[in-house]
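Below: one structure in structure tokens.
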Amino acid sequence: MDRSRPVEVVPTDGSATAARALGERLVAAVAGHGPAILPTGPGDPLPPASLRAPVAPGVAAVVTTSGSTGVPKAVLLSGTALAASATATAARLGGEGRWLLALPAHHVAGVQVLLRSARAGVPAAVMDLRGGFRPEAFAGAVAEARPSIARLSLVPTQLRRLLDDAGAGLDALRSIGAVLVGGAAAEAALLERARAAGVRVVTTYGMSETCGGCVYDGVPLDRVTVDIEDPDPSGAGRIVLGGATVADGYQGLDDPSFLPGRRFRTSDLGRVLPGGRLEVLGRADDVIVTGGEKVPPVVVEQALLSVPGVREACVVGVPDPEWGARVVAVITGAGLEPEAVRRDVAHRLGRAAPRAVRVLDELPLRGIGKPDRAAVRDLFAGHDVADGATRPS
């Protein structure tokens, strides 16, 4: 007897109507009714048949990854794992509450907002994102929500826009009991600025393979484990997440990242600090080897962000015949002089300091707000990278 479960593709277009319809189908799927749900985003083509193949009975949602390391994969999320994530989140945040969906509904974070709010007994309030994320629209969505919004998930770019706007959107943000910030690394200065403005931010770390965020403010949620694989003398190594929120695997793919005992070997480096909190150091693939020295981009980015006026930073390595790779950076901010910024951090970072810095109006992004490092590398293509400048080759 075939006990597999069919998969239904549910398109979303950024509208509130489509998001609400997706939420209803997800709630039914988690409860064990109907097909498993595979959401797609605005303009996405129909997923290939291999990703739409029937799944095990316990799988409730099939969520595609961002494809940051190549071809996107389809993650199999069970109803049990999604429920465990929602329960642990409510416990960590001090109880259930209504959520506002301000992220694309088809990403794992959007799926979680829809399910967590439904679990609290009230459908999520939903922003219409067809015109992008705008502070005034956010303020309107919060004002119109009855009952009021208690929980929210944002990416750092959205948080920065609300802080920069400093208007009704920021006032609305202050009214929310817990603002989860994830999807990309949030620099310390941004978080400090938000807290100083009265925003109750909570950082999250996780991925589609762990039902989204499963480590809050560096501390794993209930029934979640964090291990560091093969740590170096500084305690840094590959992050391994385990526990009740780990996915059942990938659709049609036997991947060694899924380890026995419901554990997932991430692509990220990190270490556990003396107080027990996890510090994420960035993707292992992003580490730059220059002159034999390993440079995690996050270390350079933190130094750049400490320079007055620098709002955002993205650091990558570009090929170099002598050093193997050279460290380069793009930053955003008003009135910045690239060479002055480079000199400011050079004495602190030594060989890890960027050899060239460029100022952009905005960082190139992918997915729901992650820096697009490939696009940043492309900005330096065809240039000789010399200290403090990029010159056409």
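Looking only at segment 52-64, which residues are out of contact with any helix residue (DSSP H, G or I) (no Cβ under 9 Å at 6 or more places or on another chain) and surrounded by 14 or more Cβ atoms within 10 Å (Cβ to Cβ)? Step through it out loud before you land on a result.
The initial filter retains those residues of segment 52-64 that are out of contact with any helix residue (DSSP H, G or I) (no Cβ under 9 Å at 6 or more places or on another chain), namely 52-57.
Once the filter is applied, which keeps residues that are out of contact with any helix residue (DSSP H, G or I) (no Cβ under 9 Å at 6 or more places or on another chain) and surrounded by 14 or more Cβ atoms within 10 Å (Cβ to Cβ), segment 52-64 yields R52, A53, P54, V55.
Which pairs have Cβ atoms under 9 Å, sit 6 or more apart or on different chains, and link a residue in segment 9-33 that is at negative phi to one that is among the basic types (K, R) and in a loop (DSSP other than H, G, I, E, B)?
Note: pairs meeting the criteria are V9/R52; D13/R130; S15/R130.
Answer yes or no: is there a residue in segment 34-41 that is of a type in the set (V, I, T), within 16 Å of A105 (Cα to Cα), surrounded by 14 or more Cβ atoms within 10 Å (Cβ to Cβ) and under 26 Å from the mean Cα position of the chain (by Cα). Show your work before the answer.
Taking segment 34-41 first, the residues of a type in the set (V, I, T) are 37, 40.
Still in the running and within 16 Å of A105 (Cα to Cα): 37, 40.
With the extra rule that they be surrounded by 14 or more Cβ atoms within 10 Å (Cβ to Cβ), the set shrinks to 37, 40.
Filter once more, keeping what is under 26 Å from the mean Cα position of the chain (by Cα): 37, 40.
Looking for residues that are of a type in the set (V, I, T), within 16 Å of A105 (Cα to Cα), surrounded by 14 or more Cβ atoms within 10 Å (Cβ to Cβ) and under 26 Å from the mean Cα position of the chain (by Cα), one finds at least one in segment 34-41, hence yes.
In the set L191, L173, L163, which member is assigned by TED's automatic domain parsing to the domain that holds G94, under 20 Å from L278 (Cβ atoms) and out of contact with any Gly (no Cβ under 8 Å at 6 or more places or on another chain)? Please lay out each step first, then the result.
Values: L173 fails: under 20 Å from L278 (Cβ atoms); L163 fails: under 20 Å from L278 (Cβ atoms).
The match here is L191.
Among the residues of segment 229-243, which ones are of a type in the set (A, V, I, L, M, F, W, C) and either outside the structural domain of F264 (by TED's automatic domain parsing) or under 20 Å from the mean Cα position of the chain (by Cα) (or both)?
Going residue by residue through segment 229-243, those that are of a type in the set (A, V, I, L, M, F, W, C) are 236, 239-241.
Hits for segment 229-243 are I239, V240, L241.
Matching residues to (1) in contact with a strand residue (DSSP E or B) (Cβ under 6 Å, 6 or more places away or on another chain); (2) modelled with pLDDT under 95:
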residue	(1), (2)
G198	no, no
Y216	yes, no
S234	no, yes
L241	yes, no
T245	yes, no
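Given the condition closer than 23 Å to D128 by Cβ, of a type in the set (A, V, I, L, M) and within 23 Å of the chain's Cα centre (by Cα), answer yes or no: does some residue in segment 72-93 qualify? Steps first, please.
Going through segment 72-93, the residues closer than 23 Å to D128 by Cβ turn out to be none.
Within segment 72-93, not a single residue is closer than 23 Å to D128 by Cβ, of a type in the set (A, V, I, L, M) and within 23 Å of the chain's Cα centre (by Cα).
Taking the conditions exactly as written (in contact (Cβ under 8 Å) with a residue 60 or more places away in the chain, closer than 16 Å to A105 by Cβ and not hydroxyl-bearing (S, T, Y)), does A60 satisfy them or not?
Values: in contact (Cβ under 8 Å) with a residue 60 or more places away in the chain: no; closer than 16 Å to A105 by Cβ: yes; not hydroxyl-bearing (S, T, Y): yes.
Taking the combined requirement at face value, the residue does not satisfy it.
Here is a yes/no grid of residues against (1) within 18 Å of the chain's Cα centre (by Cα); (2) aliphatic (A, V, I, L, M); (3) crowded, with 18+ Cβ neighbours inside 10 Å; (4) at pLDDT 95 or above:
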site	(1), (2), (3), (4)
P274	no, no, no, no
L305	no, yes, yes, no
P308	no, no, no, no
V315	yes, yes, yes, yes
P321	no, no, no, no
A334	no, yes, no, no
G350	no, no, no, no
V357	no, yes, yes, yes
G369	yes, no, yes, no
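What is the one condition in (1) of a type in the set (A, V, I, L, M); (2) surrounded by 13 or more Cβ atoms within 10 Å (Cβ to Cβ); (3) free of Cβ contacts under 8 Å to residues at least 60 places away in the same chain that V280 does not satisfy?
(3)
State which residue is surrounded by the fewest Cβ atoms within 10 Å (Cβ to Cβ) when the search covers only segment 93-109 and only residues that are within 22 Å of R223 (Cα to Cα) and in contact with a Ser or Thr (Cβ under 9 Å, 6 or more places away or on another chain).
First, the residues of segment 93-109 that are within 22 Å of R223 (Cα to Cα): 93-97, 108-109.
Those still in the list that are in contact with a Ser or Thr (Cβ under 9 Å, 6 or more places away or on another chain) too: 96-97, 108-109.
Values: E96: 19, G97: 21, V108: 29, A109: 26.
Out of the qualifying residues, it is E96.
Looking only at segment 143-156, filter to residues that are of a type outside the set (D, E) and surrounded by fewer than 21 Cβ atoms within 10 Å (Cβ to Cβ); which one of those is nearest to D361 (Cα to Cα)?
Step one: filter segment 143-156 for residues of a type outside the set (D, E), giving 143, 145-156.
Add one more test, that the residue is surrounded by fewer than 21 Cβ atoms within 10 Å (Cβ to Cβ), and what stays is 143, 145-148.
Working: A143: 31, A145: 34, R146: 37, P147: 38, S148: 35 Å.
Only one residue tops the list, namely A143.
Go through segment 235-289 and count every residue that is of a type in the set (K, R), closer than 21 Å to A83 by Cβ and part of a strand (DSSP E or B).
Of the residues in segment 235-289, 1 are of a type in the set (K, R), closer than 21 Å to A83 by Cβ and part of a strand (DSSP E or B).
Could you tell me which of the residues A16, A49, A90, A84 is surrounded by fewer than 15 Cβ atoms within 10 Å (Cβ to Cβ) and not polar (S, T, N, Q)? Working first, answer last.
Values: A16 fails: surrounded by fewer than 15 Cβ atoms within 10 Å (Cβ to Cβ); A90 fails: surrounded by fewer than 15 Cβ atoms within 10 Å (Cβ to Cβ); A84 fails: surrounded by fewer than 15 Cβ atoms within 10 Å (Cβ to Cβ).
Unique residue meeting the criteria: A49.
When the residues of segment 154-209 are narrowed to those that are among the hydroxyl-bearing types (S, T, Y) and either touching a residue at least 60 places away in the same chain (Cβ under 8 Å) or in a helix (DSSP H, G or I) (or both), which ends up farthest from A109 (Cα to Cα)? Show your work before the answer.
So the first thing to find is which residues in segment 154-209 are among the hydroxyl-bearing types (S, T, Y), and the list is 157, 175, 203-205, 208.
Filter once more, keeping what is either touching a residue at least 60 places away in the same chain (Cβ under 8 Å) or in a helix (DSSP H, G or I) (or both): 157, 205, 208.
Details: T157: 15, Y205: 11, S208: 8 Å.
Across segment 154-209, the extreme among qualifying residues is T157.
For (1) closer than 20 Å to R92 by Cα; (2) surrounded by 15 or more Cβ atoms within 10 Å (Cβ to Cβ); (3) at pLDDT 95 or above; (4) among the aromatic types (F, W, Y), each residue gets a yes or a no:
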residue: G169; (1), (2), (3), (4): no, yes, yes, no
residue: I176; (1), (2), (3), (4): yes, yes, yes, no
residue: L180; (1), (2), (3), (4): yes, yes, yes, no
residue: A185; (1), (2), (3), (4): no, yes, no, no
residue: T225; (1), (2), (3), (4): yes, yes, yes, no
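Go through segment 292-381 and tell me which helices (runs of 4 or more DSSP H), entirely inside it, have 2 or more residues that are free of Cβ contacts under 8 Å to residues at least 24 places away in the same chain and over 23 Å from R271 (Cβ atoms).
Values: elements: 297-305, 338-349, 373-379.
Here the list reads 338-349, 373-379.
Considering only residues that are in contact (Cβ under 8 Å) with a residue 24 or more places away in the chain, among the aliphatic types (A, V, I, L, M) and assigned to a helix (DSSP H, G or I), which ones fall in segment 125-153?
Across segment 125-153, the qualifying residues are A139, A141, V142, A143.
The values are calculated or read from the model by the stated rules, or taken from the named source; none is laboratory data. This one's a predicted model, so the numbers in the text were calculated from it and none came from an experiment. All Cβ positions, even for glycine, are placed from backbone atoms using ideal geometry, and neighbour counts span all protein chains on display.
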